[in-house]
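Engineer: Pasting a structure below so you can have a look.
The values are calculated or read from the model by the stated rules, or taken from the named source; none is laboratory data. Quantities reported herein were computed from a predicted structural model and do not represent experimental measurements. For neighbour counting, all protein chains shown are included, and Cβ atoms are generated from backbone atoms with ideal geometry for every residue, glycine included. Keep in mind that these areas ignore ligands, DNA and RNA; they rest on the heavy atoms of the full protein, side chains included. Shrake-Rupley method; radii C 1.70, N 1.55, O 1.52, S 1.80 Å.
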Amino acid sequence: MNNKNYIKLIIKSKIAFFSEIKGFIILRTYGYKIWENIKNILNNILIKTKHKNVYFPLLIPKKIFFIDKNHIKNFYKECAIVTHSKFIIKNNKVILDPKSKLEEELIIRPTSESIIWYTYSKIIQSYRNLPILINQWSNIIRLEIRNKIFIRNSEFILQEGHTGHKNKIECINEIIKIKNIYKKFIKNYLCIPFITGFKTNNEKFSGAKFTFTFETIINNYKCLQLATIHYFAKNFSKVYKVKYTNKKGKIKYIWCTSWGISTRLIGAIIMIHSDKNGLILPPKIAPIHIIIIPIIYNNNKNLIYKINKIVYKIKKIFYNKNIIIKYDNNIYKKPGNKFYKYENKGIPLRIIIGKKEIKNNIIEIVRRDNFKKYYYKINNKLYNKILKIFKKIQINLYYKAKKKMKSNTLIINNYKIFKNLFKKKKCGFIIAYYKINKYTELKIKKDTNATIRCLIKKKKIGKCIYTGKITNYIAIFGKSY
RNA sequence: CGGGGUGUAGCGUAGCCAGGAUUAUCGCGCCUGGUUUGGGACCAGGAGAUCACAAGUUCAAAUCUUGUCACCCCGACCA
């Protein structure tokens with residue numbers, strides 16, 4: 001899917017609309033519902049693991065933001081900054097009131113670590129306060145030079161967890177826990193395949209000891225980061241002076257993590273699951289699960305009455321069952337028109353009711369992902385039958401995407417071939433043995449424009465693709481979106 | 001910031017080179033009425049555009065000149 005079609009699809013399926021400001025979008029009801037579903041699913045999982053939601057302010061005072069200069073070094077070049085509080089009208093022109101200039105500039109959060117850790121330093125005193133498992137659903141602004149709808153918006157909504165722990169074991173366990181949550185969530189709910197591993201020092205989140213990442217391929221050759229988990233060890237607590245008194249009365253620094261996903265996932269879903277007919281949404285996050293389309297002749301009132309009765313029956317079966325059904329009874333549109341419309345919107349199932357169905361006392365069910373047809377009677381078994389189809393769709397979407405990712409992943413041990421493949425845009429991921437070194441990493445980037453998406457430690461040793469030195473690390477290379 | 005391109009209705013576009021019958025073309029979408037409906041219906045009617053903005057040349061500018069702005073693509077930058 002090229003960029004033009006990607007944008008067209010988003011506009012046509014009414015997921016989002018461009019706003020007046022570059023890089024800022026309007027999430028429309030259909031798109032926002034996808035996000036709400038993502039949010040609700042993940043939120044419920046996080047509630048079970050005893051994470052609690054909070055909300056911190058949108059604006060961060062400059063002095064707090066700059067406490068950890070290392071942490072924000074990637075962010076201070078792309079901040080939106082509030083400097084004034086008033087306008088005045090002068091000569092019929094609206095200008096900033098110079099008198100209202102703020103003593104200290106306020107920064108619209110590009111990420112919330114600074115204000116959160118600053119606050120933790122005031123809240124946390126005892127080991128009894130730990131672990132602190134806090135999560136925030138918020139919006140942030142990063143004024144990027146080049147935008148791409150959902151993939152790189154200037155404003156996006158995200159989930160950011162910020163936790164504090166007594167010791168290293170507890171902290172690492174938290175990271176493993178979140179890793180498993182994200183793995184299951186991205187695979188089972190979004191049907192997106194991925195590779196996981198660690199970021200290199202060049203690529204990791206500033207301030208982190210290590211960054212664990214989830215990477216996938218979109219558009220056959222570009223790579224996208226889906227989620228990240230950062231292990232800060234005591235980096236943040238030392239800078240922000242977040243200390244607690246342990247059982248023995250000794251003062252200790254706490255161990256920190258942060259982790260997040262964002263509305264970027266919507267972009268990934270669109271790019272990975274769409275076909276030439278438009279979107280395909282995994283049932284678990286689809287705003288509408290079933291679209292019912294009637295086929296009417298000659299404005300036949302009797303036929304319409306019969307169809308309505310069947311629709312009522314179906315709706316009754318699914319009443320209170322978390323399955324959203326829409327009945328498009330617009331008599332001015334032809335069925336074909338409706339088929340195209342809802343295929344484009346990616347609704348997982350379509351039910352057709354017409355003369356044939358009434359005669360045989362059945363309904364026709366068509367899957368969006370492979371257009372397979374099912375003919376079922378309307379009875380109480382229908383609910384379970386449809387749940388089964390939904391499961392099949394989820395699985396099919398995942399394996400289809402996984403197959404595609406695999407076909408765009410190559411294992412290479414020759415640097416010449418490696419370079420050529422990236423030049424010709426012939427691959428997404430290239431897996432190779434690699435001896436970690438920040439200079440060779442930059443050289444490879446210069447040569448190929450590809451970066452190390454992640455590193456994985458292996459038991460077996462091999463020769464580094466660039467230097468030929470023995471290493472037990474493999475790197476997954478790719479071009480970033 | 002470099003190289004290239006584009007700005008005409010909600011969207012996609014014709015017209016621009018060679019200025020004037022322009023009341024700015026056509027398609028999608030939208031509204032009204034009627035006939036339709038098993039893969040994007042048809043007929044009739046209707047609404048919707050200071051031709052990106054500004055200045056200039058001219059009797060006359062969507063069209064020519066200059067400037068400004070915005071956007072897109074390829075780089076650079078960037079999780």
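Engineer: Taking a ≥ b ≥ c as the square roots of the Cα gyration tensor eigenvalues, with a/c under 1.5 meaning rounded and otherwise prolate when a/b beats b/c, else oblate, which class fits region A:73-157?
Structural biologist: Taking the square roots of the gyration eigenvalues as a ≥ b ≥ c, region A:73-157 is oblate.
Engineer: On the protein heavy atoms, probe 1.4 angstrom, tell me the percent of accessible surface of chain A carried by carbon and sulfur.
Structural biologist: 53
Engineer: Quick check on my link table: of A:Lys179/A:Lys463; A:Lys321/A:Lys391; A:Lys338/A:Lys388; A:Lys425/A:Lys479; A:Lys14/A:Lys345, which ones sit more than 18 Å apart, alpha carbon to alpha carbon?
Structural biologist: Where the Cα-Cα span goes over 18 Å, the pairs concerned are A:Lys179/A:Lys463; A:Lys338/A:Lys388.
Engineer: What full-extension length gain, to one decimal in nm, is calculated for A:Asn43 and A:Ile176 as 0.36 nm per residue of separation minus the Cα-Cα distance?
Structural biologist: This chain segment gains 46.1 nm when fully extended.
Engineer: Then there is this: Of the listed pairs A:Lys12/A:Lys402; A:Lys48/A:Lys252; A:Lys301/A:Lys356; A:Lys77/A:Lys99, which have alpha-carbon separations greater than 21 Å here?
Structural biologist: Pairs exceeding 21 Å: A:Lys12/A:Lys402; A:Lys48/A:Lys252; A:Lys77/A:Lys99.
Engineer: For region A:3-273, what's the relative contact order in percent, using C-alpha pairs closer than 8 Å and at least 6 residues apart?
Structural biologist: Contact order relative to length: 19 percent.
Engineer: Given a 1.4 Å probe, how much area per residue of region A:283-404 is accessible, in Å²?
Structural biologist: 59
Engineer: Assigning unit charges at the beta carbon (Lys, Arg +1; Asp, Glu -1) and nothing else, what dipole magnitude in debye, to the nearest 20, does region A:283-404 show about its Cα centre?
Structural biologist: 340
Engineer: If you don't mind, another one. Using only alpha carbon pairs under 8 Å that are at least six residues apart, calculate the relative contact order of chain A and give it in whole percent.
Structural biologist: 14
Engineer: For region A:409-480, what's the relative contact order in percent, using C-alpha pairs closer than 8 Å and at least 6 residues apart?
Structural biologist: Normalised by residue count, the contact order of region A:409-480 is 38 percent.
Engineer: Name the long-range amide H neighbours of A:Phe156: under 5 Å, sequence gap of 5 or more, or other chain; modelled H, no Pro or chain starts.
Structural biologist: Correct list: A:Ile140, A:Arg142.
Engineer: Also, quick follow-up: Report, for region A:283-404, the % of DSSP beta bridges that are antiparallel, rounded to 5.
Structural biologist: For region A:283-404, the DSSP antiparallel bridge percentage is about 55.
Engineer: Which one, A:Ile217, A:Ser126, A:Ile116, is farthest towards the positive end of the dipole of region A:3-273 when Lys and Arg carry +1 and Asp and Glu -1 on their Cβ?
Structural biologist: A:Ser126
Engineer: Which values, in whole Å and largest first, are the semi-axes of the equivalent ellipsoid of chain A obtained as the square root of 5 times each eigenvalue of the Cα gyration tensor?
Structural biologist: In descending order, the three semi-axes are 44, 30, 24 Å.
Engineer: Here is a follow-up. Could you tell me the calculated FRET efficiency between A:Lys63 and A:Asn201, based on Cβ-Cβ distance and R0 = 22 angstrom, to the nearest 0.05?
Structural biologist: 0.20
Engineer: Using the Cα centre of region A:3-273 as origin and beta-carbon charges of +1 (Lys, Arg) and -1 (Asp, Glu), tell me which of A:Ala268, A:Tyr32, A:Pro57 is placed farthest towards the positive end of the dipole.
Structural biologist: Positive-end residue among those listed: A:Pro57.
Engineer: Near the amide H of A:Ser480, under 5 Å away, which other amide H atoms are found, from residues 5 or more places off or on another chain, if H is placed in the peptide plane?
Structural biologist: A:Cys223, A:Thr451
Engineer: Could you give the dipole magnitude of region A:43-92 about its Cα centre, charging the beta-carbon of Lys and Arg +1 and that of Asp and Glu -1, in debye to the nearest 20?
Structural biologist: 100
Engineer: Go through A:Leu9, A:Gly346, A:Ile254 and say which Cα lies farthest out towards the positive end of the charge dipole of chain A; charges sit on Cβ, +1 for Lys and Arg, -1 for Asp and Glu.
Structural biologist: So the residue we want is A:Gly346.
Engineer: Cut-off 19 Å, label point 7 angstrom out along Cα-to-Cβ of A:Lys423: give me the residues of region A:451-467 whose amide nitrogen falls inside.
Structural biologist: Within reach of a label on A:Lys423, which here means backbone N under 19 Å from a point 7 Å along Cα→Cβ, region A:451-467 contributes A:451, A:465-467.
Engineer: Here's a follow-up. Residues of region A:128-170 with amide nitrogen under 19 Å from the 7 Å Cα-to-Cβ point of A:Lys250?
Structural biologist: Answer for region A:128-170: A:128-131, A:165-170.
Engineer: With +1 on each Lys and Arg Cβ and -1 on each Asp and Glu Cβ, and nothing else charged, work out how big the dipole of chain A is about its Cα centre, in Debye to the nearest 20.
Structural biologist: Once rounded to the nearest 20, the dipole reads 1600 debye.
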